[in-house]
Amino acid sequence: MTTSRSDLGPWAWARAAFIAFHLTAITLMALPAPGGGMSRTAWKTPTVQAEFRAWTGRVNAMGMDYTPAEFEDTLWDLASGLMKARSKVLAPFGTYYRYTGTAQSWRMFVAPHRFPARLEFRIEENGKWRTIYATRSPDFRWHAEHFDHDRMRSAVFRYAWPHYAAHYNRFSEYYGRMALREFPEATAFESRFFAYRTLSPEEAASGMDPDGNYGSSRVIRR
């Protein structure tokens, strides 16, 4: 026995309408978008610049004629237009996303991070600096179980990027005050990142140490 459309009650139609609305809302939200990556400061980091150079070569191999700088500017204009259009399309669903928790705040990885940064904490005692924590170090383990947690690792990864400087400043202030309380002889605390290029398989197999430099230093004094 088949059911005709006229046999469907109002609740069946309401459920069907809600399902259609929900699928439309989450599909639109799930469409790829740069999100927090829309920062020209972030685009100037070595990892992103390396991607621009690589993709410029691929595009030019198909008959285009871009310099990396021109390709970057073109992508910025396209991405800016995309984000404006996306915001207008998603605006009617804003309240629904907020109350149902169906917003998509996490982005898929688009490329390997070839220039990562390792977080380090140091304290100054009797005029000399010593390291108390370094990311995934077997030797410097101050509150390592806290910083090695997945949630914290995600936050620390962001703090190494220049457009998260305000967050990094608050992060450094908080843990700096904590360290100065726990190390009564310390006169200062420093949070810094060691930025380096990841090794190739051959370099890693040879036992080579990564080459990099220290930056993003924040010093808290007693």
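The values are calculated or read from the model by the stated rules, or taken from the named source; none is laboratory data. Quantities reported herein were computed from a predicted structural model and do not represent experimental measurements. Quick reminder, even Gly has a Cβ in these numbers, built from the backbone with ideal geometry, and neighbours come from all protein chains shown.
General observations
- Of all the criteria given as (1) of a type in the set (Asp, Glu); (2) surrounded by 10 or more Cβ atoms within 10 Å (Cβ to Cβ); (3) not in a helix (DSSP H, G or I), the one not satisfied by Asp73 is (3).
- Whichever residue in the range 151-162 is assigned to a helix (DSSP H, G or I) and small (Gly, Ala, Ser) and, among such residues, is modelled with the lowest pLDDT: Ser154
- Scope the range 42-67; condition over 25 Å from Arg158 (Cα atoms) and surrounded by 12 or more Cβ atoms within 10 Å (Cβ to Cβ); matching residues: Thr56, Gly57, Val59, Asn60, Met64, Tyr66, Thr67
- Per the listing Trp142, Trp55, the residue uniquely more than 20 Å from the chain's Cα centre (by Cα) and not assigned by TED's automatic domain parsing to the domain that holds Ile26 is Trp142.
- Test: Gly94 is in the same structural domain as Arg40 (by TED's automatic domain parsing) and either without any contact (Cβ under 8 Å) to a residue 12 or more places away in the chain or farther than 30 Å from His22 by Cβ (or both): yes
- Looking across the range 93-150 at every residue that is aliphatic (A, V, I, L, M) and in a strand (DSSP E or B), the one that is modelled with the lowest pLDDT is identified as Ala117.
- Every residue from the range 163-194 that is of a type in the set (Phe, Trp, Tyr) and outside any helix (DSSP H, G or I): Phe183, Phe189, Phe193, Phe194
- All told, Arg15 meets the bar of being among the basic types (Lys, Arg), more than 27 Å from Ser80 (Cα to Cα) and in a helix (DSSP H, G or I).
One line per residue, one yes/no per condition, for (1) touching a Ser or Thr at 6+ places or on another chain (Cβ under 9 Å); (2) closer than 28 Å to Ala160 by Cβ; (3) at pLDDT 90 or above:
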| site | (1), (2), (3) |
| --- | --- |
| Ala20 | no, no, yes |
| Leu23 | no, no, yes |
| Ser39 | no, yes, no |
| Gly57 | no, yes, yes |
| Ala61 | no, no, yes |
| Phe71 | yes, yes, yes |
| Leu75 | no, yes, yes |
| Gly81 | no, no, yes |
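- Checking Thr187 against (1) among the β-branched types (Val, Ile, Thr); (2) within 22 Å of the chain's Cα centre (by Cα); (3) more than 23 Å from Val48 (Cα to Cα), the condition it does not meet: (2)
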